[in-house]
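Below is one structure, written out as structure tokens; comments come after it.
Values quoted throughout were computed directly from the atomic coordinates according to the rules given, and no laboratory measurement underlies them. Just so it is clear, the model here is predicted, and its values are computed rather than measured. Cβ: placed from backbone, ideal geometry, glycine included. Neighbour counts: every protein chain shown.
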Amino acid sequence: MTSIAISRAYNPVEIDLWGTKFETVDLARSASKKAMEIAAEVNQARRELETTDWDKLVAKVGEGLDLRLTRTGNGKTKPSTLLKAKWKADEISLSRIFEFLGEITFAEMTGPDEDEIEDGDRPS
């Protein structure tokens, strides 16, 4: 008989936001609920881009990143702060922001690359 346990249910993804390191977090129930509310607002705004306040949209995306990412190392700068600064400086586009969000989701779903898996974490 095969036995399965949730011993390592989540493998965080390392994220580099303009030289500041973060990693993704596994969202528990309350954070997942908030993330879904943010995602719904963002998706609604994306459907109405011609009438959407893009600054508010980027701020809302930043709120979602603040939930999904935790800072590694020293410092307290939030992902939203970095994103808003790049947005206001005209150094990032909406399409790149949404592409980046997709990359995070894809990396979380597919797990670590084969060369990143430590021997003790390999399935037998």
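Summary of computed values
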item	result
Computed [θ] at 222 nm, helices only, for the chain once each DSSP H run of length n ≥ 4 contributes -39500 (n - 2.57)	-16000 deg cm²/dmol
Estimated vicinal HN-Hα couplings, Hz - segment 26-35 in sequence order (Karplus 6.51, -1.76, 1.60; Gly, Pro = x)	7, 7, 6, 3, 5, 5, 5, 4, 5, 4
Pairs beyond 19 Å (Cα-Cα), from Lys21/Lys60; Lys21/Lys88; Lys33/Lys76; Lys56/Lys84; Lys33/Lys84; Lys34/Lys78	Lys21/Lys60; Lys21/Lys88; Lys33/Lys76; Lys33/Lys84
Modelled label reach - Lys21, point 7 Å along Cα→Cβ, segment 68-106 residues with backbone N closer than 13 Å	71-75
Cut-off under 5 Å, modelled amide H: who pairs with Leu17 long-range	Phe22
Label point distance in nm, Thr70-Lys84, each placed 7 Å from Cα along Cα→Cβ	2.3
Nitroxide proxy distance, nm - points 7 Å out along Cα→Cβ at Lys33 and Glu91	3.7
